[in-house]
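Here the structure comes first, spelled out in structure tokens, and everything after it is commentary.
The values are calculated or read from the model by the stated rules, or taken from the named source; none is laboratory data. All of these numbers come straight from a predicted model, not from anything done at the bench. In this analysis, Cβ positions are derived from the backbone assuming ideal geometry, glycine residues included, and neighbour counts consider all displayed protein chains. Side chains are part of the model used for accessible areas, which takes the heavy atoms of the whole protein and leaves out ligands, DNA and RNA. Shrake-Rupley method; radii C 1.70, N 1.55, O 1.52, S 1.80 Å.
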Amino acid sequence: MTPVILLAAEKESAEVTDWAARIGWLVGLALFVALVYWLMREGWKWRGTLQGDLPELPTAPEDPGPARLTLSGRYHGSTTAGQWLDRIVAHGLGSRSRVELTLTDAGLDVVRPGASDFFVPLAALREARLDKGIAGKVLTEGGLLVVTWAHGDRLLDSGFRSDQASEHHEWVDAINSMIETTTTEGAER
């Protein structure tokens, strides 16, 4: 029995946690996270300032005409055309949100609850296509409806995803046929 008692006496109790050091590390980590968040926010505001030359977004006309197509889904953002990582943040175009799209003879009406609505006139539409990514959002091949349109002196790509992905092909065909019709009518005049 004596060897067991000696072994138990040799063991020391566990060291008490140094709460001051632990709290110091947590406060330091919280300050670091707050600094990173603040820097990201300032970068977002700076990008908006750099894009300040972008004109105000057009609003829908009083009577845009009957709806050709409607879509309910998500708006994933707008970028400079052809550069899927160059997000446009001016005028709220960088905010992801729910979306209700309506295609009429006048153009594309983009209604975003909780964000700025805008309207793309038919004359400003350039192309519609299926793609897999925009503004840092990557989906499966063809999972994103991307509409290219002119605004001011820039071409923009806006990305939408329908709640029913099967609708995307119909939208691409409808927008592109409207653009072709407008272009050929303009060429004949």
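Key figures for this structure:
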{"item": "Conditions (1) surrounded by 15 or more Cβ atoms within 10 Å (Cβ to Cβ); (2) under 21 Å from T59 (Cα atoms); number of the one not met by P113", "result": "(1)"}
{"item": "Pairs with Cβ under 8 Å, 6+ apart, first in segment 53-72 and in contact (Cβ under 8 Å) with a residue 60 or more places away in the chain and closer than 14 Å to A106 by Cα, second open to solvent by 40 Å² or more (accessible area, probe 1.4 Å) and not acidic (D, E)", "result": "P58/P121"}
{"item": "Subset of segment 120-132 (residues that are closer than 27 Å to D53 by Cβ and open to solvent by 10 Å² or more (accessible area, probe 1.4 Å))", "result": "P121, L122, A123, A124, R126, E127, R129, D131"}
